[in-house]
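Student: This is the structure I have questions about; it appears just below.
The values are calculated or read from the model by the stated rules, or taken from the named source; none is laboratory data. None of these values were measured; they are calculated from a predicted model. Every residue, glycine among them, receives a Cβ derived from its backbone with ideal geometry; neighbour counts consider all protein chains shown.
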Amino acid sequence: MNAPLASASQHRDLPAPTPQFCAEAFDREMYCSESDWLGRVQRALAGRPYRQVAQALTATLDSGQLVLSWRLLAPAGAVQPASPRLLVSFRFSGLDALQRHRFMQRLDSPLRTAL
């Protein structure tokens, strides 16, 4: 199954993380605005404590931690000139592959339902 990484109007399909393999550290390109990104993160955290400083966020997940950082990229001109892009770094610690996978499912769920 492919996990869309963008909004309903445009997306790029890449293999979805699976419970068997959801890396502890990876980077992902997201096609959304920073405010949309933060809304998705807050929904995925589902009330768990977090701290945001500038373009970085640290959250407590179950028995572990997630550190996110992101930066704006130049718009994807070949796809749509006005499409905002972010490069997001995911860094999990103290979580097993299934816990990481579950978080990623929650993060991606608004994207999947929008398509």
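Student: Working only within the stretch 5-64, note down all residues that are among the hydroxyl-bearing types (Ser, Thr, Tyr) and modelled with pLDDT of 70 or more.
Tutor: Tyr31, Ser33, Ser35, Tyr50, Thr58, Thr60, Ser63
Student: Still on this structure, I have one more. Of the residues in the stretch 29-50, how many are more than 21 Å from Asp62 (Cβ to Cβ) and either surrounded by 14 or more Cβ atoms within 10 Å (Cβ to Cβ) or touching a residue at least 12 places away in the same chain (Cβ under 8 Å) (or both)?
Tutor: Residues in the stretch 29-50 being more than 21 Å from Asp62 (Cβ to Cβ) and either surrounded by 14 or more Cβ atoms within 10 Å (Cβ to Cβ) or touching a residue at least 12 places away in the same chain (Cβ under 8 Å) (or both): 9 in total.
Student: If you don't mind, there's one more thing I want to ask. Pairs needed: first member in the stretch 77-88, hydroxyl-bearing (Ser, Thr, Tyr); second member anywhere, assigned to a strand (DSSP E or B) and at pLDDT 65 or above; C-beta distance under 9 Å; at least 6 residues apart or different chains.
Tutor: Taking only residues 6 or more apart or on different chains, the pairs are Ser83/Tyr31.
Student: Can you tell me how many residues within the stretch 19-46 are farther than 15 Å from Leu107 by Cβ and assigned to a strand (DSSP E or B)?
Tutor: 2
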